[in-house]
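First comes the structure, then the notes that go with it.
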């Protein structure tokens, strides 16, 4: 408290070992390599990532009346709509799985992908005031967003399991398969895809503002060309290759195969999709690294 | 080698007008035009398609080099637009330079703003952790200093209240408290001290000198010359994006004050006055006691505002007014040519000069905005000029810079001997009791 007085009496203390070996010198230059991703530095910011995740979660429910209940209401409500519109009115096939569960699985997985993609794509624009004032590894934000959404996914997945339990105890057959073991991998792939695509879009919006308007629309359209509300088996044989081109297809088929026992996916398809995800992530990192440094000049 | 920060040939250019590059449609049109070998549709007439690259360039920083020794507190001074903020942004890695190189040894923390990332819905406690982490502290570090931070901020009673319920002063105090407990080897500070009430500012300055005494290296950018003088032995003076001088702070400040003949000190009518107006302002300028145009004044010298007005005809009874507003937007005072006579006056046809003196040792250090009007109050506004700005730097002895108040006039103090009731001297009739007994206890 008595700041000045105390310090006047203390002789200046030189910082001993100030240049600790743990911290390499910070070098700022005009050009930076495409591959200078500084992932080690990102790791040093793990506390900040954790705090952002927690902030996102806490601040959302502090502002609303229903609070975390929204995480429950939204997927249930959307699932009911899907069941009525696509299941009842349009009469789409669900490969024999209970309609409500079929749509719920698709919806929970898609919601995770869509919202983390949407959030990460807006990283620069949404955080411009923050980025303009302080430096921390810029990937902290996209990574924390993908993890925040994981929390929401966890809640929704819990509800899904509860609904499945209700189905089970009311005598309906639930076909869990060994693919359940793959679920963490499938989820990680969704995270990877949303992060990769998100930071690519985010880097491109630095140049093309129009893109940010396209994102929401694009994600919506993407849902219809991904087997989310229909199984890929309903696609006629001659167009099968088309739906297989979509690297998200095996992930969604995998989710349903694991939880409902319906869906067609092979390890090879999943492997290919995984490889595609890695390519996307690397492309994202390259672009993001290029744009990140001078983005603040264009906002 | 003791230099902990070395800045070498740093430059930063901004492309005016070309920022962001526009829309996808525009780029697509440009690309399509190139394919068909047509001129670029987005470039202006008479320009070729390379205009974008070579066109309007703004050099915010040009070939800036300096070294900072370990444990040194280096001041960075210069007028608005001299490149201080750009330099800070580059050193804080908020943006990248166009060319040049900076090497910094050790942990770097920069404070370009107090309270960056504060979330209104979160409590004070939660924001301390969040803000600390944003500034580069780990959770463990924040936890170990939490009590100190709260004590420093004087917000202990409200620490579990959402920050949105805080007064602005409280949130600034909390934010600065977090920042003040950063322990990097290199601290880069912008004019964050310009926030909060003056008492807290004083506390912040105290903390800053404590930090520097602790052997840490500080780069301090400020308009507050008093603070720069006290905290920094050496300062860099930036001017137009270049380093004009590096040396003892006193020299740099003197050079800064001497060289500031800004365009903002003079306004002169460039276009013909509207014929509808009976009277119009011709020229408004700020001068020092030597009669020189300047926009930077020492607090120990008077400021002369000179106004020239030209009447086409003999006017109705009216007045010429000027108003001084400080950086916080507070009107410091308003003064008019009619103040003494208590009545509006009609001006004869022709040009007339006015000179107003703002006395020395009256204005506080800070920046000011001058507005001048020729008008009939609440009726007709003949003319209005609001492009004049100036700053006052505190150059008075050490005891004055801690004074609080919108103005810091030097008043006459008379001492009386004995324990006589002072009010008797002021009011022989005992008519007014000051009523200060309760305060004196």
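The values are calculated or read from the model by the stated rules, or taken from the named source; none is laboratory data. It should be emphasised that the depicted structure is a prediction, and the values quoted were computed from it without experimental measurement. Counting neighbours? That spans all protein chains shown, and the Cβs are built from the backbone with ideal geometry, glycine included.
Some points to look at:
- Some residue of segment B:170-189 being free of Cβ contacts under 8 Å to residues at least 40 places away in the same chain, at the interface with chain A (Cβ under 10 Å from one of its Cβ atoms), part of a loop (DSSP other than H, G, I, E, B) and within 30 Å of residue A:30 (Cα to Cα): no
- Subset of segment B:204-247 [out of contact with any strand residue (DSSP E or B) (no Cβ under 8 Å at 6 or more places or on another chain) and without any contact (Cβ under 8 Å) to a residue 12 or more places away in the chain]: B:206, B:210, B:213, B:214
- Taking (1) touching a residue at least 40 places away in the same chain (Cβ under 8 Å); (2) crowded, with 21+ Cβ neighbours inside 10 Å in turn, residue B:94 satisfies each apart from (1).
- Condition met for residue B:115 (part of a loop (DSSP other than H, G, I, E, B), under 23 Å from the mean Cα position of the chain (by Cα) and either on the phi > 0 side of the Ramachandran plot or buried (at least 22 other Cβ atoms within 10 Å of the Cβ) (or both)): yes
- Across segment A:255-284, the qualifying residues are those that are under 24 Å from residue A:142 (Cα atoms) and out of contact with any helix residue (DSSP H, G or I) (no Cβ under 7 Å at 6 or more places or on another chain), and the one among them that is farthest from the other protein chains (Cβ to nearest Cβ) is A:275.
- Inspection of segment A:61-71 identifies at least one residue that is in contact (Cβ under 8 Å) with a residue 60 or more places away in the chain, in contact with a helix residue (DSSP H, G or I) (Cβ under 8 Å, 6 or more places away or on another chain), more than 22 Å from residue A:293 (Cα to Cα) and not in a helix (DSSP H, G or I).
- Residue that is surrounded by the fewest Cβ atoms within 10 Å (Cβ to Cβ), among those in segment A:31-55 that are facing chain B (nearest Cβ under 9 Å) and within 22 Å of residue B:101 (Cα to Cα): A:31
- Top-ranked residue of segment A:115-133 - restricted to ones that are buried (at least 21 other Cβ atoms within 10 Å of the Cβ) and in contact with a helix residue (DSSP H, G or I) (Cβ under 8 Å, 6 or more places away or on another chain), ranked as farthest from residue A:221 (Cα to Cα): A:131
- Hits in segment B:121-139 (condition: within 8 Å of chain A (Cβ to nearest Cβ) and part of a helix (DSSP H, G or I)): B:126, B:129, B:130, B:133, B:134, B:139
- Flag for residue B:96 being assigned to a strand (DSSP E or B) and within 10 Å of chain A (Cβ to nearest Cβ): no
- Within segment B:252-277, restricting attention to residues that are touching a strand residue (DSSP E or B) at 6+ places or on another chain (Cβ under 7 Å) and within 14 Å of residue B:384 (Cβ to Cβ), the residue that is modelled with the lowest pLDDT is B:273.
- Those residues of segment A:125-167 which are in a helix (DSSP H, G or I), within 12 Å of chain B (Cβ to nearest Cβ) and free of Cβ contacts under 8 Å to residues at least 24 places away in the same chain, in sequence order: A:129, A:130
- Breaking point among (1) buried (at least 17 other Cβ atoms within 10 Å of the Cβ); (2) within 14 Å of chain B (Cβ to nearest Cβ); (3) part of a helix (DSSP H, G or I), for residue A:252: (2)
- Considering A:229, A:235, the condition of being more than 30 Å from residue A:285 (Cβ to Cβ), touching a helix residue (DSSP H, G or I) at 6+ places or on another chain (Cβ under 8 Å), more than 14 Å from every other protein chain (Cβ to nearest Cβ) and free of Cβ contacts under 8 Å to residues at least 12 places away in the same chain is satisfied by A:235 alone.
- Hits in segment B:206-226 (condition: in a helix (DSSP H, G or I) and modelled with pLDDT of 75 or more): B:206, B:207, B:208, B:209, B:210, B:211, B:212, B:213
- When B:157, B:109, B:133 are checked against the criterion of being farther than 30 Å from residue B:408 by Cα, out of contact with any strand residue (DSSP E or B) (no Cβ under 9 Å at 6 or more places or on another chain) and surrounded by 20 or more Cβ atoms within 10 Å (Cβ to Cβ), B:133 stands alone in meeting it.
Okay, residues lined up against (1) under 26 Å from the mean Cα position of the chain (by Cα); (2) modelled with pLDDT under 50:
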| site | (1), (2) |
| --- | --- |
| B:41 | no, no |
| B:49 | no, yes |
| B:61 | yes, no |
| B:73 | yes, no |
| B:77 | yes, no |
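- Residue in segment B:71-91 that is surrounded by fewer than 20 Cβ atoms within 10 Å (Cβ to Cβ) and touching a helix residue (DSSP H, G or I) at 6+ places or on another chain (Cβ under 7 Å) present: no
- Contact annotation: residue pairs with Cβ atoms under 7 Å, 6 or more positions apart or on different chains, pairing a residue in segment B:99-113 that is more than 7 Å from chain A (Cβ to nearest Cβ) with a partner that is part of a loop (DSSP other than H, G, I, E, B), are B:109/B:135; B:109/B:136; B:109/B:182; B:109/B:184; B:111/B:190.
- Per-region count, segment B:303-355, residues outside any strand (DSSP E or B), within 24 Å of residue B:390 (Cβ to Cβ) and in contact (Cβ under 8 Å) with a residue 60 or more places away in the chain: 2
- Failed item, numbered, when residue B:81 is tested on (1) over 30 Å from residue B:264 (Cα atoms); (2) more than 7 Å from chain A (Cβ to nearest Cβ); (3) out of contact with any strand residue (DSSP E or B) (no Cβ under 8 Å at 6 or more places or on another chain): (1)
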